[in-house]
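Nothing in this text is a laboratory measurement; each read-out follows from the coordinates by a stated rule. Nothing here was measured: the structure is a model prediction, and the numbers come from that model. All Cβ positions, even for glycine, are placed from backbone atoms using ideal geometry, and neighbour counts span all protein chains on display.
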Amino acid sequence: MSEPSKTARPLSPHIQIYRWTLTMMLSILHRASGIALYAGTGLLAWWLLAAASGPDAYSVVQGVSSAWYGRLVLFGYTWALFHHMFGGIRHFIWDTGRGFDLKHVEILARITALVPPVLTLIVWVAAYAYLGAF
Amino acid sequence: MADMRTPLSRARGLGSAKKGTEHFWMQRVTALANIPLTVFLVGALVVHAGSDYTTMTGFLGNPFIGVVLLLLILSACYHMRLGMQVVIEDYVHGEATKLLALIVNQFFTLTIAIACALAVAKLVIG
């Protein structure tokens, strides 16, 4: 493919000019959470390699993951997972050709925005319960 | 003898590579697989929130768990390679930097996949 010519052409306005909508925010968050999860697999690899390496390496992971900043990152990781998962499920619904009318777009958007944080909280309450916090 | 066929019929004769929808299709297949696999991982991590090294490696060393983890690693790394490829194609416009970013994407996802897979293999086989 040859390089396109660099003539200055009028551009359509970018996102900063539009009123923010929930669907637009979710579209951006879907991509952002995907990128975050991409980077987050480094943590998964670190955890598994440490477990395979031995107790010393594993205790370093445990130290970081139980510190407040480690917990914060893992909490965000959990939310990103659920957010991306529900965004994906929404795309699956659209793949069947359903849910494109405005009413259902809005309903699906609200579900996609609200369910993942609720699930994240449930998972963390359950994790703290298994830790023996309650 | 000259080929009397039209350009269209010549192209038709070659057939399609059958790969035109591969990116879309594999993106969806891995997305579907990722749902139960990540739910399993999150569930396992919740249950093992307070587990020590011995309990955790005992769990990860179970071959049945190892199979699920390998499937998750494979599916997730394939999925994120496709996703990041689209992100790069959308935002990186210089041909050289785009090519470089696409190659780095291949290297990174393959490295993560192999690192995780090797760790799981060692935990299972010991």
A careful count of residues in the stretch B:15-71 that are in contact with a Leu (Cβ under 8 Å, 6 or more places away or on another chain) and closer than 30 Å to residue A:95 by Cα gives 14
Might you check whether a residue that is out of contact with any Ser or Thr (no Cβ under 7 Å at 6 or more places or on another chain), within 11 Å of chain B (Cβ to nearest Cβ) and within 30 Å of residue B:49 (Cβ to Cβ) occurs anywhere in the stretch A:2-12? no
Failed condition for residue A:75, given (1) more than 13 Å from chain B (Cβ to nearest Cβ); (2) surrounded by fewer than 18 Cβ atoms within 10 Å (Cβ to Cβ); (3) in a helix (DSSP H, G or I), with all others met? (1)
Taking the conditions exactly as written (within 12 Å of chain A (Cβ to nearest Cβ) and either out of contact with any Asp or Glu (no Cβ under 7 Å at 6 or more places or on another chain) or more than 30 Å from residue A:124 (Cα to Cα) (or both)), does residue B:96 satisfy them or not? yes
Qualifying position, being surrounded by fewer than 17 Cβ atoms within 10 Å (Cβ to Cβ), out of contact with any Ser or Thr (no Cβ under 8 Å at 6 or more places or on another chain) and under 26 Å from residue B:50 (Cα atoms), among A:50, A:36, A:32, A:126: A:126
Out of curiosity, is residue A:90 of a type in the set (Lys, Arg) and either assigned to a helix (DSSP H, G or I) or within 14 Å of another protein chain (Cβ to nearest Cβ) (or both)? yes
Here is a list: B:89, B:95, B:22. Which entry is more than 23 Å from the chain's Cα centre (by Cα) and within 26 Å of residue A:35 (Cβ to Cβ)? B:95
Working carefully through the options A:19, A:31, find the one that is among the charged types (D, E, K, R) and within 10 Å of another protein chain (Cβ to nearest Cβ). A:31
Picking from A:65, A:33, A:27, A:59, the residue that is assigned to a helix (DSSP H, G or I) and within 10 Å of the chain's Cα centre (by Cα) would be A:33
Report yes if residue A:113 is under 24 Å from residue B:34 (Cβ atoms), more than 12 Å from chain B (Cβ to nearest Cβ) and crowded, with 18+ Cβ neighbours inside 10 Å, otherwise no. no
Looking at the structure I just gave you, is residue A:102 without any contact (Cβ under 8 Å) to a residue 60 or more places away in the chain, closer than 29 Å to residue B:77 by Cα and not aromatic (Phe, Trp, Tyr)? no
Residue A:94 fails exactly one of the following numbered conditions: (1) touching a Phe, Trp or Tyr at 6+ places or on another chain (Cβ under 9 Å); (2) within 25 Å of residue B:52 (Cβ to Cβ). What is the number of that condition? (2)
Breaking point among (1) touching a Leu at 6+ places or on another chain (Cβ under 9 Å); (2) crowded, with 18+ Cβ neighbours inside 10 Å; (3) not hydrophobic (A, V, I, L, M, F, W, C), for residue B:78: (1)
Taking into account only those residues within the stretch B:52-68 that are facing another protein chain (nearest Cβ under 9 Å) and among the hydrophobic types (A, V, I, L, M, F, W, C), which is surrounded by the fewest Cβ atoms within 10 Å (Cβ to Cβ)? B:56
Within the stretch B:30-37, is there a residue that is within 11 Å of chain A (Cβ to nearest Cβ), among the polar types (S, T, N, Q) and within 21 Å of the chain's Cα centre (by Cα)? yes
Of everything in the stretch B:91-126, what is of a type in the set (A, V, I, L, M) and without any contact (Cβ under 8 Å) to a residue 12 or more places away in the chain? Give them in sequence order. B:92, B:96, B:99, B:100, B:103, B:104, B:114, B:115, B:118, B:119, B:125
